[in-house]
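Contents: one structure, followed by commentary.
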Amino acid sequence: MSYATGLRCLKCGAQYPISKMFEGCPRCRTEKIKANLVVEYDYDRISTSLCRKSLEAPGQGIWRFRDLLPVDKEEHMVSCGEGNTPLIRCKRLGEEIGLKKLYIKDESRNPTWSFKDRLACTTISKGLDFRARVATVLSTGNQGAATAAYASRAGMDCVIFTLPDVPATMLTFMRIYGAKVVLLSTPEGLGVYPYDIIAKCVKEYGWFPACTIVLPPTGNPYGVEGYKTLGYEICIQMNWTAPDRVVIPCGYAEGLTGIWRGFSEFHRLGLLDSLPTMVAAETDSGNPLTYAAEKGLDYVEKVSTKPTVAFSIVTEISSYMGLKTIQESKGKAVSSSDQQILAMQRSLARKEGIFPEPSSATSLAVAKKLKEEGEIDRDETVVCIITSGGLKDPNAAETSTPPLPSIRPEWRAFTEFMKEYYHFSLTK
Ligand SMILES: *Cc1c(COP(=O)(O)O)cnc(C)c1O
Ligand SMILES: [Zn+2]
């Protein structure tokens, strides 16, 4: 049993029953705006059964928060052990950036090494509620891998559409769980997707989508719910307080919106006194939210894209809900360059022992930029989400790991090598 009561449009407030609606609100749809539907709950009833103590209790994956998630049947709650990822105080990196209280929420510790596991977890589970037999997703990698893993655990077939130029490691991830992967060659390359095939599979064949099937993206409303648990966990890990800011790498802003919904729900339930400001971190190579926020638009417009190391987030268009989340939280959208992103990937690895995917390091690159611009104060508590691990795309780390010659196993060769290659002298 779930406390979910229906779906609600984020723009016009129209209400709909819990159902398979994947194209946003039909009532206020225009050419430019596809307003997202979000799941509504009976918060009065929830507040009688929930308290801080019950929420702190450990449980299986994100299902310890099941009262705030939209899945009906207990036996449909699929888990691969997602969530409960560490929130890590980063003193050394904080010093470099000029932030006294910098934290990393390390989502690379999830079952398929990215935060997409939270989304796939609620999507596939809700798919079981709807008796779906085939899950499907269009993805550059992480969403595909996560959907494939959860579908395999649920005994569901999975069809993934992706692009031929995704890194080989990403393809391995997507294929190893048994998903049927289809490579679509688009002349435009990464960040530009053909959605018609997947929309047909969903509408005519009843496949259950773990991603949007239209543009501008609306997502699957049940998937976004999974990301709420990121917000819940951060609150609990900070002893029932909210950070001043949360910075998260953004594509379609499902993660951004989901975390914000998590904080907002705890606030609404009286479990949290304050709310954070949300920062959408984008890449300069495709930054629709930054563009729309700068122009003061109330919808997201298409921007042009370029190849980038941050291929998991580059996109020509983002969602209505992303813009709405930024407005509601008095937040910002900021983008950064490949060079800044790679510099932060390297700093996080060298100063804190955490190896992020380049897309994930975008949150740090943006935090650094906002600190330099005086937008973030050095005393603020800042949480940067590291959405995925660096081994997803090892080639991107090449500049930090240039070719390594081998040497003869002799003392002199060794000392010379240390001096010449690493500029490292042997001292006591
Ligand atoms: C998908 C993804 C994102 C962006 O998530 P959205 O919900 O589309 O904004 C960020 N980082 C990584 C590594 C991802 O795979
Ligand atoms: Zn509407």
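Details
- Any hit, the stretch 121-142, residues being basic (K, R) and within 16 Å of ligand 1 (Cβ to nearest atom): no
- Within the stretch 378-428, considering residues that are within 39 Å of the chain's Cα centre (by Cα) and of a type in the set (D, E, K, R), the one nearest to A146 (Cα to Cα): K392
- Qualifying residue in the stretch 133-142 (condition: at pLDDT below 95, of a type in the set (S, T, Y) and either assigned to a loop (DSSP other than H, G, I, E, B) or under 30 Å from K369 (Cα atoms) (or both)): yes
- Leading residue by the ranking (surrounded by the most Cβ atoms within 10 Å (Cβ to Cβ)) among those in the stretch 8-32 that are at pLDDT below 95 and within 21 Å of C211 (Cβ to Cβ): R29
- Reported count of residues in the stretch 82-132, each being assigned to a helix (DSSP H, G or I), over 17 Å from V224 (Cβ atoms) and over 19 Å from the mean Cα position of the chain (by Cα), is 8.
- Answer from S388, S400, S406 - the residue that is more than 15 Å from ligand 1 (Cβ to nearest atom), within 30 Å of S312 (Cβ to Cβ) and small (G, A, S): S400
- In the stretch 338-362, residue farthest from P394 (Cα to Cα) [restricted to those that are in contact with a Ser or Thr (Cβ under 8 Å, 6 or more places away or on another chain) and of a type in the set (S, T, N, Q)]: T362
- Residue match in the stretch 148-155 (condition: more than 30 Å from P17 (Cα to Cα), in contact (Cβ under 8 Å) with a residue 60 or more places away in the chain and out of contact with any strand residue (DSSP E or B) (no Cβ under 9 Å at 6 or more places or on another chain)): no
- Candidates C211, C235, filtered to the one that is in contact (Cβ under 8 Å) with a residue 60 or more places away in the chain and crowded, with 17+ Cβ neighbours inside 10 Å: C211
- Hey, P164 in contact (Cβ under 8 Å) with a residue 24 or more places away in the chain and not in a helix (DSSP H, G or I) or not: no
- The residue of the stretch 9-44 that is nearest to D298 (Cα to Cα), among those that are part of a strand (DSSP E or B) and more than 9 Å from ligand 2 (Cβ to nearest atom), is V38.
- Of all residues in the stretch 185-198, those that are surrounded by 13 or more Cβ atoms within 10 Å (Cβ to Cβ) and modelled with pLDDT of 85 or more total 3.
- The numbered conditions (1) in a helix (DSSP H, G or I); (2) more than 30 Å from T169 (Cα to Cα) are all true for G270 except (1).
- Checked against the criterion of being under 20 Å from G389 (Cα atoms), in contact (Cβ under 8 Å) with a residue 60 or more places away in the chain and charged (D, E, K, R), the candidates D106, D72, D67 yield just one match: D106.
- Some residue of the stretch 130-148 being touching a Cys at 6+ places or on another chain (Cβ under 8 Å), surrounded by 24 or more Cβ atoms within 10 Å (Cβ to Cβ) and over 26 Å from A396 (Cβ atoms): yes
- A single member of G59, G13 is more than 16 Å from ligand 1 (Cβ to nearest atom) and over 21 Å from G322 (Cα atoms), and it is G59.
- Qualifying residue in the stretch 71-81 (condition: more than 16 Å from ligand 2 (Cβ to nearest atom), basic (K, R), assigned to a loop (DSSP other than H, G, I, E, B) and in contact with a helix residue (DSSP H, G or I) (Cβ under 7 Å, 6 or more places away or on another chain)): yes
- Those residues of the stretch 373-384 which are within 19 Å of Q339 (Cα to Cα) and either part of a strand (DSSP E or B) or in contact (Cβ under 8 Å) with a residue 60 or more places away in the chain (or both), in sequence order: C384
- Taken over the stretch 286-307, the criterion of being in contact with a strand residue (DSSP E or B) (Cβ under 9 Å, 6 or more places away or on another chain) and either within 16 Å of ligand 2 (Cβ to nearest atom) or free of Cβ contacts under 8 Å to residues at least 60 places away in the same chain (or both) is satisfied by N287, P288, L289, T290, Y291, A292, A293, E294, V303, S304, K306.
The values are calculated or read from the model by the stated rules, or taken from the named source; none is laboratory data. Keep in mind it's a predicted model, so treat the numbers as computed, not measured. No Cβ is skipped: glycine too gets one built from the backbone with ideal geometry, and neighbour counts run over all protein chains shown.
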